[in-house]
Amino acid sequence: MSFVTSSFGYIIFKEIYTMDTNSKNLFFVLTCLTGTDRENIMAQASNLQAPVPSKGTVEYSTFLANFQASPANVLSTLAQFLQNRVNWAISSDLNFQTYLNQFNGAPFIVGVSSGPIQGKDSVHTIVDLINTCFVTAGVPVANRTEIAEQLQLEDLLAGDFEGSPITLSFIVQNMQSSDGNLGLVWKKTTLSVSYYPPEKNGIFDKKVKQLPTYTVVEQGTTISLTAQSASYFKANSEQFLGLGFTNVIDWMANNTTKLTKA
């Protein structure tokens, strides 16, 4: 594992994660939108649908005005363009670091990193274990139930896997917008989950049977970027349409691991 410093001056995570053939190991990407502006941004996205109208038409003028008024949809367009340019496919983190390195300068004003992050926690039930994993990985509350069901985490983590830790790797790509303050946050987390069986009681021991212990060891990092003000996007958004167009709704859908329920 190594770390590099971008021209933003923050430390970024550099590690290639290799998928394991063991079915007990899992890699998942979530792209999401959080914050008090979420509903407004989703409404703006619904009014910004591909394809972009031909330049010079009335429809184009309307589209551009809506685009300029929605920095979030400009950022999703930029993020999708950069992802395509470096060929980060969300089935693994191959090229993910290269993707992050593209976010340098306009339309961002601040870049910070917290990491490398290391931590350890222990719980005694699968429900608490799943919650601990999601909190640690930065999965928003609104997404947790659906992801747990689709990943079948209760089944994955059930039973005795003493001596064979389960690896859960998450990349959470989160656009955050509250009170007009907009930014992108990435949290990349690898969790090693170990199982320790309950202590065995003697034949004449009347103590209540203890619960197993699940220990979660975390390694990861978080990178945050703060976007320019709304006035910047109003003045400069048109240049980003030359990169192609992806609204926030499609960006989230296209860049979240697709799962089907059993």
Report, in deg cm²/dmol and to the nearest 500, the calculated mean residue ellipticity at 222 nm for the chain, where each DSSP H run with n ≥ 4 adds -39500 (n - 2.57) and the sum is divided by the residue count. -10000 deg cm²/dmol
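Carbon and sulfur atoms: what percent of the 1.4 Å accessible area of the stretch 15-148 do they account for?
With neighbouring chains kept in place, the figure for the stretch 15-148 is 53 percent.
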For the chain, what is the accessible area per residue in Å² when the probe is 1.4 Å? 51
Please report the net charge: other residues with Cβ closer than 10 Å to the Cβ of Gly138, K and R +1, D and E -1. +2
The chain, Gaussian network, Cα under 10 Å: of Gln44, Gln152, Gln228, the residue fluctuating most is Gln152
So the angle from the long Cα axis of helix 141-151 to the longest Cα principal axis of the chain, reported in degrees to the nearest 10, equals 60
Take each of the peptides 229-238, 64-73, 154-163, average the number of other beta-carbon atoms within 10 Å over its residues, and list them starting from the highest. 64-73, 229-238, 154-163
Given axes a ≥ b ≥ c from the Cα gyration tensor, I'd like to know whether the chain is rounded (a/c under 1.5), prolate (a/b larger than b/c) or oblate. prolate
By how many degrees, between 0 and 90 and to the nearest 10, does the Cα long axis of helix 230-241 differ from the longest principal axis of the chain? 90
Quick one: helix 71-86 against the long Cα principal axis of the chain, what's the angle to the nearest 10°, folded into 0 to 90? 70
Can you tell me which of 248-255, 100-107 comes out highest on packing, and rank the rest after it, using the mean Cβ neighbours within 10 Å? 248-255, 100-107
Quick check for me: using +1 on Lys/Arg Cβ and -1 on Asp/Glu Cβ, what's the dipole size of the chain about its Cα centre, in debye to the nearest 20? 220
Relative contact order of the chain, pairs being alpha-carbon contacts under 8 Å that are 6 or more residues apart, as %: 32
Please work out the FRET efficiency for the pair Lys24 and Ala106, using the Cβ-Cβ distance as r and a Förster radius of 30 Å; give the result to the nearest 0.05. 0.10
Per-residue HN-Hα couplings for the stretch 58-64 [Karplus 6.51, -1.76, 1.60; θ = phi - 60°; Hz; x = Gly/Pro]: 4, 4, 5, 4, 5, 4, 4
Highest mean packing first, using Cβ neighbours within 10 angstrom, the peptides 143-149, 133-139 sort as 133-139, 143-149
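Do you know the relative contact order of the stretch 125-262, to the nearest whole percent, from alpha carbon pairs under 8 angstrom that are 6+ apart?
On the way: 166 pairs, mean separation 31.3, N = 138.
Relative contact order for the stretch 125-262 comes out at 23 percent.
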Here is the link list: Lys24/Lys200; Lys188/Lys258; Lys55/Lys234; Lys24/Lys188. Which ones come out longer than 23 Å on Cα distance? Lys24/Lys200
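The values are calculated or read from the model by the stated rules, or taken from the named source; none is laboratory data. Predicted, not measured: the structure shown is a model, and the values here were computed from it. No Cβ is skipped: glycine too gets one built from the backbone with ideal geometry, and neighbour counts run over all protein chains shown. Calculation scope for accessible area: heavy atoms of the full protein, side chains included, ligands and nucleic acids excluded. Shrake-Rupley method; radii C 1.70, N 1.55, O 1.52, S 1.80 Å.
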